[in-house]
Amino acid sequence: MAAAETPYSFNECKVHNGRIENFCEDGAVLLEIVNTSAKVIKAFEVVLILCDQNGDSPFEDGDSVVSYCEERLESGEIFKMALSLDEFVTGDYDGNLYLKNAYLQKVVFADGSSWKDFYGIYGTGDEIQ
């Protein structure tokens, strides 16, 4: 299956290192997701694999952030979101974060069907940096 067959694409997917006033202290991942399917999306689960400059995890438990989002997206619609990293970054970590991979692990459609990519096969990988 080609990447074009996924029900979504990212227009933007990047790490913002540092504070964003009234939102986060330790950085965030900024996402712009496009529903590229003909179906209406009613929810999705995004997975972000992050690392430090050496490729090591900056987190105490693993290297990923997973977030479930219930958001209705019509076909072709763009959804912008920011995920704070405050609860994931260890207290003594003060370096920059880098994105290794980002993908939607599960997409749930309004008709009850779903699409899954549990291993990030159709993720963005290095192309987003």
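The values are calculated or read from the model by the stated rules, or taken from the named source; none is laboratory data. Computed from a prediction, not measured in an experiment: that's the story for all the values here. Here the Cβ positions follow ideal geometry from the backbone for every residue, glycine too, while neighbour counts run over all protein chains shown. Accessible surface areas use protein heavy atoms only, side chains included; no ligands, DNA or RNA. Shrake-Rupley method; radii C 1.70, N 1.55, O 1.52, S 1.80 Å.
Miscellaneous remarks
- For segment 26-75, the set of residues classified as of a type in the set (D, E, K, R), over 16 Å from the mean Cα position of the chain (by Cα) and under 21 Å from residue 110 (Cβ atoms) consists of 39, 42, 72, 74, listed by residue number.
- Any pair with Cβ under 6 angstrom, 6 or more apart, that starts in segment 47-75 at a residue that is closer than 16 Å to residue 97 by Cβ and β-branched (Val, Ile, Thr) and ends at one that is assigned to a loop (DSSP other than H, G, I, E, B) and open to solvent by 50 Å² or more (accessible area, probe 1.4 Å): 49/63; 65/88
- Residue within segment 84-102 that is basic (Lys, Arg) and farther than 13 Å from residue 52 by Cα present: no
- When segment 60-100 is filtered for residues that are surrounded by fewer than 11 Cβ atoms within 10 Å (Cβ to Cβ) and on the phi > 0 side of the Ramachandran plot, only 76 remains.
- Residue satisfying all of: in segment 45-56; part of a loop (DSSP other than H, G, I, E, B) and of a type in the set (D, E, K, R); surrounded by the fewest Cβ atoms within 10 Å (Cβ to Cβ) among these: 56
- Residue within segment 37-44 that is in contact (Cβ under 8 Å) with a residue 12 or more places away in the chain, among the polar types (S, T, N, Q) and outside any helix (DSSP H, G or I) present: yes
- Count - residues of segment 17-33 that are without any contact (Cβ under 8 Å) to a residue 60 or more places away in the chain, open to solvent by 20 Å² or more (accessible area, probe 1.4 Å) and assigned to a strand (DSSP E or B): 2
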